[in-house]
Amino acid sequence: MTQAARVKDISSIAGVRDNQLIGYGLVVGLNGTGDGTRSQFTTQALANMLKSLGLTIDPDDIRVNNVAAVMVTATLPPFARAGGRLDALVSSLGDAESLQGGTLLLTPLRAPNGEIYAVAQGPLSIGGFAVSGRSGGGVQKNHPTVGHIARGALIEREVSLQFNEREGFRLILHQPDFTTSFRLAQMINTQMGEGIARAVDSGTIEVHVPDAQRSNLVEFVSALEHMEIAPDSIAKVVLDERTGTVVIGENVRLSTVAIAHGNLSIEIKESRNVSQPAPLSQGATVVTPDSDVRVTEERSNLLLLPAAVTIRDLIRALNAIGVTPRDLIAIFQAIKAAGALQAQLEIM
């Protein structure tokens, strides 16, 4: 039986979302592991920065290895206020060897509309290291060209979002499903009053806010988020051939089918034999190859699975014939091809 989940875990309010920020900056203070003169955009950016500080210099005259060009990204959550702090992720843009020990200089972070919403600056933490020798060998831990600045971005501008005094809003399901959408609308109407909610489609529920709740919409949404509902889902079997992982959904059913599965093992051994001529025979020593090929086919009983078996019955039956995860992938593909698998088969 499907377990109940909170509304806040399976849906979100339309318009209440994160916003992505991005910026181009420079990391300084590296111990000879930066871009140096190998990346022209690094020297050009450094020259532009120095010019803004009152120092004019030709980019072609810059010869430093302690600077790296980076891209800085951050996520601006909804209702974030000016003066708040964000985590910043710093990634090397050029061919720097490591950002260890570097400091990010003041970097504006922009939204897709081109407006600046935050600025980032501070020392990087890469959680690892990279040490190399002159001969080319070295030791590396984690990824030294990506760094993190905890609370290193300062919010300068807020995203305008009026929440109170709304007449209504929409709930967006993370996994669209008509049954779940209908159940959720029914539950809201039962607990909060008839006509409050209406299922628009498989992923959207329109919620009308009562007049008495519009001045305190936070309390209304909090009560709504803590409601519990049993979400429905389609029957699905997910196969990952790279790792041999098989995940079977609860609603998977089978029509009557018989399964026989066995393994074919082929073992080939190569060896070399030396043919030594008899003394005084004027013969030559000859090396002759010798191949030993063995083929073993495991015996497999025919297994009959009746129609409408549950997932528990299916697993018990497949375990009885000793199948491995790799075997399950082949078996489910064959069952689907035979038209006996009443589920969606997804191969990753």
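A compact table of results
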{"quantity": "Every residue from region 198-227 that is free of Cβ contacts under 8 Å to residues at least 24 places away in the same chain and either in contact with a Leu (Cβ under 8 Å, 6 or more places away or on another chain) or among the basic types (K, R) (or both)", "calculated": "R198, A199"}
{"quantity": "Any chance A82 is among the aliphatic types (A, V, I, L, M), touching a residue at least 12 places away in the same chain (Cβ under 8 Å) and within 30 Å of F163 (Cα to Cα)", "calculated": "yes"}
{"quantity": "Members of region 162-201 found to be among the hydrophobic types (A, V, I, L, M, F, W, C), surrounded by fewer than 16 Cβ atoms within 10 Å (Cβ to Cβ) and in a loop (DSSP other than H, G, I, E, B), listed by number", "calculated": "F163, V200"}
{"quantity": "Leading residue by the ranking (modelled with the highest pLDDT) among those in region 202-249 that are charged (D, E, K, R) and part of a strand (DSSP E or B)", "calculated": "E206"}
{"quantity": "Set V159, V146: member being surrounded by 14 or more Cβ atoms within 10 Å (Cβ to Cβ), closer than 30 Å to R110 by Cβ and more than 24 Å from the chain's Cα centre (by Cα)", "calculated": "V159"}
{"quantity": "Qualifying residue in region 61-83 (condition: touching an Asp or Glu at 6+ places or on another chain (Cβ under 6 Å), assigned to a loop (DSSP other than H, G, I, E, B) and either polar (S, T, N, Q) or assigned by TED's automatic domain parsing to the domain that holds F178 (or both))", "calculated": "no"}
{"quantity": "Subset tally (residues that are modelled with pLDDT of 90 or more, loosely packed, with under 14 Cβ neighbours inside 10 Å and among the charged types (D, E, K, R)) for region 93-142", "calculated": "1"}
{"quantity": "Residue pairs meeting the criteria (Cβ under 9 Å; at least 6 apart or on separate chains; first under 23 Å from E158 (Cα atoms), in region 88-113; second of a type in the set (D, E))", "calculated": "P108/E156; L109/E156"}
{"quantity": "Flag for L341 being at pLDDT 70 or above, surrounded by 14 or more Cβ atoms within 10 Å (Cβ to Cβ) and touching a strand residue (DSSP E or B) at 6+ places or on another chain (Cβ under 9 Å)", "calculated": "yes"}
{"quantity": "Some residue of region 158-170 being touching a residue at least 60 places away in the same chain (Cβ under 8 Å) and farther than 24 Å from I10 by Cβ", "calculated": "yes"}
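The values are calculated or read from the model by the stated rules, or taken from the named source; none is laboratory data. Small disclaimer: the values here were computed from a predicted structure and weren't measured. Backbone-built Cβ (ideal geometry, glycine too); neighbour counts: all protein chains shown.
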